[in-house]
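Have a look at the structure below, then the notes.
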Amino acid sequence: GHRYEVEDEDRVVDLWHLRHLALSRGGLMSPSLRKRAWPELVGVDEQILTNTSASIPSLISSGTSVSGASVASESNEQDEPESIVELTNKDIEVVKQDIGRCVWHVEYHIKMLRKQREKSKGGNGKKSKDANNNVPSALSNFSTSTQSDYSMESPDIGKPQHMSKREMGLILNIITAVLRSVPEGEEKSRLHYFQGLHDVAALFLINLESPSLTSLVMKRLCHLHFRDAMRPTFQKVQIILQAIIMPLLEIVDRKLHDYIIQGGLDDSSVFALSWILTWFAHDVHNFDVVSRLFDVFLVSHPLFPAYLCVAMLTHPLNRSAIMSTNCEFSALYETICELPKKMASHEESKVMNLFEDLIQTALIYIRDSPPSKLISLARVYRSGYMKEYLVTAPSVFLLEDPPRWAIAPTAPTDWSLIKLAQLMRTQSPEARLARRRYLRLRHFVEKIDLTSDEHDIALVAFGLRTSSSTRRRLRLIRTNRLVGIVLFVV
């Protein structure tokens, strides 16, 4: 793909090309590519470069264990530690109990992925360099684990039925590090754990094979995509799901919408809450499929999972199952809740194509009804009965425009990041501060003509291009303390 040259000795990653790959059929294809791409796509390079106390190369490649120590936020302009929330024993115990019910087994899946990598590199019996020398130290012995390392194994596939203490400890450290962090601009509030977050963390840990990188990625997402779910209650999430899923379903499939409403299932949060909160990681028990969905969610609007929920309902197989179910609450509820699991249970050769169809359908829905129009739809939905619930809409994070890092055109390569971090560690606090201010702007160009197919599909996923748009230019305006993003339709 095309790379933007910043300096002769410094190449950067073209993030628009990565987004295009993530949204195209097949996605990023493999955990090896995701391990490199996912951190770039969520902009963790800015977080890494503000960490002046940890080993930068180890954060990128060795994955040192997360202890809950902070990584300075991107808005912090001082060489001072980030604000940390103190967790109670009760907070930690709740997380521990939930981790024990995790769908994903980190050791097992990493062990299987490494075997696949070795096989794909020739299968000559020699252990690959990637499987031995370049793996995180906290996870390095997973590939040599024996059956005795696991609590129990299913006799059919050799998959453990329970997580080991080592796995649970890694996920606990990641989640507590996230819970100790303070979202930017919300110094007086804190993040609250929700059931299912451990499944999201485990899926990221398997793909990234680094507790430290997983912690940084999770912080990014929990400060935005999952922020509404991490309030003291789910009230705002439930309201926004009611305001989005059924009104959107009415537009795309009125007959199906009316059938579900007639059956008494008018509150979509009843069946879709788990889908949205865990990015389907709790309901779809297929590693490749969920990783594929994560590809898409990382490069799209925070509300894109809701569009995928509607696509899940309207898929011909699922639509037929719903319409053939007895039109009453309990029967419809059971049928709809099982849709993701049933779709993922098809034969391996078919299942990925089914979910690719869902992704493409959801992209059509967000193009035709972007997030900016959803509240207007909700206000007139069923004669305006939801108006009183929409009072809180302005304070819902899911409705906000994508942040600056989400549509950044470029990111530094791992090598240039390591070199720059090593340089910054030798500088004075004043020099590091000046360097960080410069870095926030250096990979942004003044104007990007977004007319290629690569830009088009990414802008659709972010809800920034509709079916009526003809051509857009993205202009990045520099100021002293921030980068503003302005979209122009011409």
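The gain in end-to-end length when the S320 to L433 segment is fully stretched comes to 34.8 nm, 0.36 nm per residue minus the alpha carbon separation. Here's how it looks for T410: its modeled amide H is under 5 Å from those of L15, which are all 5 or more places away or on a different chain. Between E93 and K188, what is the FRET efficiency for a Förster distance of 25 Å, r being their Cβ-Cβ separation, to the nearest 0.05? After rounding, the FRET efficiency stands at 0.50. Close amide H contacts of V12 (hydrogens built in the peptide plane, cut-off under 5 Å, sequence separation of 5 or more or a different chain): Y4, V6. Estimated from the Cβ-Cβ distance and a Förster radius of 41 angstrom, the FRET efficiency linking Q195 and L423 is about 0.40.
Counting lysine pairs in region 159-293 that sit 8 or more residues apart in sequence, or on different chains, and whose Cα atoms lie under 27 Å apart gives 4. Simple spin-label estimate for D368 and D253 gives 1.2 nm between the two label positions (7 Å along the Cα-to-Cβ direction from each Cα). Model label points for T233 and F329, set 7 angstrom from Cα along the Cα-to-Cβ axis, are 2.0 nm apart. Hey, got a sec? Which GluC sites (Glu not before Pro) in region 317-411 land in a DSSP loop and have at most 13 other Cβ atoms within 10 Å? Sparse-neighbourhood loop GluC sites (Glu not before Pro): E328, E347. Couplings for region 292-300, taken from phi via the Karplus curve 6.51 cos²θ - 1.76 cosθ + 1.60 with θ = phi - 60°, read 5, 5, 5, 3, 6, 5, 6, 10, 9 Hz in order; Gly and Pro are left as x. Using a probe of 1.4 angstrom and keeping all protein chains present, the accessible surface of region 291-385 works out to 38 square angstrom per residue.
The values are calculated or read from the model by the stated rules, or taken from the named source; none is laboratory data. In this text, all values refer to a predicted model and were calculated from it rather than measured experimentally. Cβ coordinates were reconstructed from backbone atoms using ideal geometry, including for glycine residues, and neighbour counts include every protein chain displayed. The accessibility values were calculated without ligands, DNA or RNA, using every heavy atom of the protein model including side chains. Shrake-Rupley method; radii C 1.70, N 1.55, O 1.52, S 1.80 Å.
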